[in-house]
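Novice: Let me begin by handing over the structure; questions about it come next.
The values are calculated or read from the model by the stated rules, or taken from the named source; none is laboratory data. This structure is a prediction, so every number in the text was calculated from the model and none was measured. Methodologically, a virtual Cβ is constructed for each residue, glycine included, from the backbone with ideal geometry; neighbour enumeration extends over all protein chains shown. All accessible areas refer to the heavy atoms of the entire protein, side chains included, with ligands and DNA or RNA removed. Shrake-Rupley method; radii C 1.70, N 1.55, O 1.52, S 1.80 Å.
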Amino acid sequence: MRIKNKKISARLKIVSATATVIFTLATAFTSTIAWFSTKTSVEVSGGSFTVKPVSGIQYELYYLDHFAISQDTNKDGNFNTVVNSHSGYEVAAANPVFNKVTFDDNGNVLDNNQNIVSDDLNPTNIRHLWPAHRLTYAIVIESGNLTHFTLESWDEETDADTKTKDDEDHDVLISLSWAINLYGAAYNITKTNNEATDVATGFANNYRNASLTDKFNYSQDLPADPVTPLNIVDSVSGESSDSTRTILYFSVEFDDSETTYYEYDDTTAYYTQSIDGDSNCYEKLILKDLVFTLA
């Protein structure tokens, strides 16, 4: 996937970080994880998003689990085997392996034994997303015709103590939405008897090397409007037929570019946008209640 280059030096400033989003519309949860080498743990809360099909569309959800480098070697995909959570991947490799997400009637994610999975192992729980990393999902259209994948609405929580100044010296609360990117694309993929194989093929041959545009392009200079719908995908590439399968891919990325960095001033207790800063300002901020529509 061709997305903005990230400076390696900037990555070294961060131990880990969080983009607080999960699929279900359950109430917010709380957990403690390590973020920074200078601050061993912080309390973070989870938000949520859901995918709402209309027009008779039925779908299956997959997540990018890992990349099979060789018979004995895997490269982490969405799931980081070192920290045992879904913190995302930096660079897509060859041989992606996607797993289907199974839900019960209440929207809980189930493991292979039909047990509800824990928060940390839930593939749709992306609150552990790190800067310079992304998580990728695939939606396979089982019935109906896909024309749009739209972010209808969303919400976020700021922190009264996490603030900066605008050009007119007014207080501005820093938002996590300034550092989150959303990408997506849909394709008609030649169908085989194995749906997961088709998902992997579409990612490797189409989505991985696509030139994608961030559809969640917010910043301090361009603040967000959560009630304005955003078209993440508005077309499907390739001819539709009985021998093809429509697959939509989307990625959530924690931006690690210099434009998202802020530096804290102990004297004023304000953050200032700076290429010498880091992502610490997003520590306790929450992105939540995203509602996507398949139409």
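Novice: On the basis of being surrounded by 13 or more Cβ atoms within 10 Å (Cβ to Cβ), charged (D, E, K, R) and in a loop (DSSP other than H, G, I, E, B), does ASP276 make the cut?
Specialist: no
Novice: Hand me the list of strands (runs of 3 or more DSSP E) wholly inside region 136-206 holding 3 or more residues that are at pLDDT 95 or above and either among the hydroxyl-bearing types (Ser, Thr, Tyr) or surrounded by 15 or more Cβ atoms within 10 Å (Cβ to Cβ) (or both).
Specialist: Fully inside region 136-206 and qualifying: 163-165, 180-190.
Novice: Mind listing whichever residues of region 245-295 are of a type in the set (D, E, K, R) and in contact with an Asp or Glu (Cβ under 7 Å, 6 or more places away or on another chain)?
Specialist: ARG245, GLU263, ASP276, LYS284, LYS288, ASP289
Novice: Quick check on ASP256: is it part of a loop (DSSP other than H, G, I, E, B) and crowded, with 19+ Cβ neighbours inside 10 Å?
Specialist: Yes, satisfied.
Novice: ASN99: assigned to a loop (DSSP other than H, G, I, E, B) and open to solvent by 50 Å² or more (accessible area, probe 1.4 Å), yes or no?
Specialist: No: the conditions fail for ASN99.
Novice: Just a yes or no: is a residue in region 270-281 more than 22 Å from LEU151 (Cα to Cα) and aromatic (Phe, Trp, Tyr)?
Specialist: yes
Novice: Within the bounds of region 219-234, is there any residue that is farther than 20 Å from LYS288 by Cβ and crowded, with 19+ Cβ neighbours inside 10 Å?
Specialist: yes
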